[in-house]
Amino acid sequence: MNTRWVFSLFVVLVLLLVAAGCTQPATPVATPVPTAVETIATATPAPVTTTLASSTPGPTQTLPGPWGIDVQVEGNGFSPDPQIITTVRGGRGYSVIPLIDVTVTRADGKVETGVIRKPLKIGDSVSLPVTNAMGNVNRVEVWATSPQGDKVKIFDDYVPFRTYN
C-alpha cells in the first residue's frame, strides 16, 4: 500500500513538471558568422569636431545568421606611420554583404573613413591613419550593410595603434 502511494506521488510530480514547462528544451543561442570584404584604396581624412558623446563607443549588433561576417581590427604598431587595419576574416554572409564601412575617430578629432566593397574575400582589408598617441585614443566603428540595405554596427571600440604584451 505504501509503494502505491509513493508511485502516485511521483506521477503527480511528473505531471506538474510537464505542466510547468520545465521539460521543454532551451532554444539554442545564435552564433555570429564572419564574412569577407573587398578593400578600397581610398581613405580620405575629413576634419570633424567631436563631442564627448560621439567619441565613446556604443552598443553593437550582429547580423542574422546567414549574413554574419567576422572582422579583425588592430593597430600596425609602427610609430612613424601609425595605422588601424580592418580585415575581413570570413563568415557565412561575406558573399552577400555588399559593403563594409570603417570609421576611425582619432585622438586629434579628425575622422578617417574607408570602405570595403563586394565581392568580399577573406583577407580584404582597409588601413586608416591614426595618431601615435599611446592608450585607447582611436575609436573604430565598423558598419556592415545587409542585403536589404540596412546598416548594422558590428564593431565599436577603442583600438590602440600599438599594444605591449
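Only the coordinates and a few stated rules stand behind these numbers; no lab work does. Every value quoted in this text rests on a predicted model; they were computed, and no experiment measured them. Cβ: placed from backbone, ideal geometry, glycine included. Neighbour counts: every protein chain shown.
Numbers at a glance
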{"read-out": "Long-range amide H partners of D157 with built H, under 5 Å", "value": "V140"}
{"read-out": "Reachable lysines from K110, criterion Cα separation under 22 angstrom, eight or more residues apart if same chain", "value": "K153"}
{"read-out": "Packing rank of 68-75, 127-134, where each peptide gets the mean count of other beta carbons within 10 Å, highest leading", "value": "68-75, 127-134"}
{"read-out": "Dipole magnitude of the range 45-158, debye to nearest 20 (Cβ charges: Lys/Arg +1, Asp/Glu -1, about Cα centre)", "value": "280"}
